[in-house]
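Notes for the one structure printed next.
Please treat every number below as a calculation from the coordinates, not as lab data. As the structure is a computational prediction, the values presented were derived from the model and not from experiment. FYI the Cβ positions are ideal-geometry reconstructions off the backbone, even for glycines, and counts take in every protein chain you see.
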Amino acid sequence: QQQVKQSPQSLIVQKGGISIINCAYENTAFDYFPWYQQFPGKGPALLIAIRPDVSEKKEGRFTISFNKSAKQFSLHIMDSQPGDSATYFCAAMKTSYDKVIFGPGTSLSVIP
Amino acid sequence: DTAVSQTPKYLVTQMGNDKSIKCEQNLGHDTMYWYKQDSKKFLKIMFSYNNKELIINETVPNRFSPKSPDKAHLNLHINSLELGDSAVYFCASSQHGLVASYEQYFGPGTRLTVT
């Protein structure tokens, strides 16, 4: 049973475009939603995170939109650059239990 | 300075062997984890330790045994290796306690290949 669903599986965006990755969760007890970025041959690294009491969080070119009633959240990458090419994982956790559930990942390729 | 380090980076071994992967973090964190990333890049938690105490133990075969000699180290020992154990194993750490940060810092990974 996949507790965190993520789409699309892969995404190709032109340089300067907007990359959008969508996620959905089932467990309403989750209270922290991070996004991790992973480059080939490296470990994942935290990109941005949001709590469910906030509908949007922006850090530079990266924005999380959060819809608590729909149990959905998404990552928007504005002005996408070739250096953004990586695998992106959405995740969810219940902070009192400290177990992160990762989505299956989205492979993003930004082409010049 | 490497925050979370793992050794070895690559491990090739035959079925039935026993192997260990070592992990160290110099961030002063109190919680450490082991994750398995399969060939489809799916990341799944295996274990977590808080101050050397086992907190999370997912449905992992008991051939996998984590050991935490101190809160800066979490090693993973695998007995009787099987083909299906081939994956990339990541160690991670985070800080909980009174000043909690839920960000997990991942090591560079150990690619295990069982032949």
Query raised in the report: What do the square roots of 5 times the Cα gyration tensor eigenvalues come to for chain A, in whole Å, largest first, as semi-axes of the equivalent ellipsoid?
Result: 23, 15, 12
Requested in this report: Please identify, among A:Gly17, A:Gly83, A:Gly41, the residue showing maximal mean-square fluctuation in a Gaussian network model of chain A using a 10 angstrom Cα cutoff.
Outcome: A:Gly41
Report task. Using +1 at the Cβ of each Lys and Arg and -1 at the Cβ of each Asp and Glu in the range A:43-112, identify which of A:Val54, A:Thr106, A:Leu75 lies farthest towards the dipole's positive end. Result -> A:Val54
Query raised in the report: So, with +1 on the Cβ of K and R and -1 on the Cβ of D and E, and no other charges, what is the size of the charge dipole of chain A about its Cα centre, to the nearest 20 debye?
Result: 60 debye
Report task. Using a 10 Å cut-off on Cβ to Cβ distances, tally the other chain neighbours for every residue of B:104-111 and report the average as a whole number. Result -> 4
Query raised in the report: With θ set to phi - 60° and the Karplus curve 6.51 cos²θ - 1.76 cosθ + 1.60, what are the ³J(HN,Hα) couplings of the range B:105-113 in order, to the nearest whole Hz, using x for Gly and Pro?
Result: 9, 9, x, x, x, 10, 8, 9, 10
Query raised in the report: Using 7 Å Cα-to-Cβ label points, what is the A:Asn67/B:Val12 separation (nm, one decimal)?
Result: 4.9 nm
Report task. Using Cα positions and a limit of under 13 Å, work out the aspartates and glutamates in reach of A:Lys68, with same-chain residues fewer than 8 apart set aside. Result -> A:Glu26, A:Asp31, A:Asp53, A:Glu56
**Report entry** the range B:47-61 - phi-based ³J(HN,Hα) in whole Hz, Karplus 6.51/-1.76/1.60, Gly and Pro as x
**Finding:** 9, 9, 10, 10, 6, 6, 9, 5, 10, 10, 9, 6, 6, 10, x
Report task. Keeping to pairs on different chains or 8 or more places apart, tell me how many lysine pairs in chain B have Cα atoms under 18 Å apart. Result -> 14
Query raised in the report: Given a Förster radius of 30 Å and the C-beta distance between A:His76 and B:Ile56 as r, what FRET efficiency does 1/(1 + (r/R0)^6) yield to the nearest 0.05?
Result: 0.40
Report summary line: Simple SL model, points at 7 angstrom along Cα→Cβ for A:Ser107 and B:Ser65; separation in nm is 3.8 nm
Requested in this report: Specify the residue with the greatest mean-square fluctuation among B:Glu103, B:Glu24, B:Glu82, computed from a Gaussian network of chain B linking alpha-carbon atoms under 10 Å apart.
Outcome: B:Glu103
Query raised in the report: So how strong a dipole does chain B carry about its Cα centre when Lys and Arg Cβ are +1 and Asp and Glu Cβ are -1, to the nearest 20 debye?
Result: 280 debye
Query - Loop-resident sites, the range A:1-100, for chymotrypsin sites (Phe, Trp or Tyr not before Pro), counting at most 13 other Cβ within 10 Å (DSSP) - result: A:Tyr97
Requested in this report: Output the relative contact order of chain A, whole-number percent, from Cα pairs under 8 angstrom with separation of 6+ residues.
Outcome: 37 percent
Query raised in the report: Which of A:Lys42, A:Lys68, A:Lys94 moves most in a GNM of chain A, Cα contacts under 10 Å?
Result: A:Lys42
Report summary line: Amide H contacts under 5 Å for A:Gly105, restricted to residues at least 5 apart in sequence or on another chain and with H modeled in the peptide plane, are A:Cys90
**Report entry** 3J(HN,Hα) from dihedral phi, the range B:68-75, Karplus parametrisation 6.51/-1.76/1.60, rounded to Hz, x for glycine, proline
**Finding:** 10, x, 7, 6, 9, 10, 9, 9
Query raised in the report: If you find the alpha carbon centre of the range B:65-115 and of the range A:46-93, how far apart are they in angstrom?
Result: 26 Å
Query raised in the report: Amide H of B:Ile55: which non-local residues (sequence gap of 5 or more, or other chain) have their own amide H closer than 5 Å, using H built in the peptide plane?
Result: B:Ser48, B:Tyr49, B:Asn50
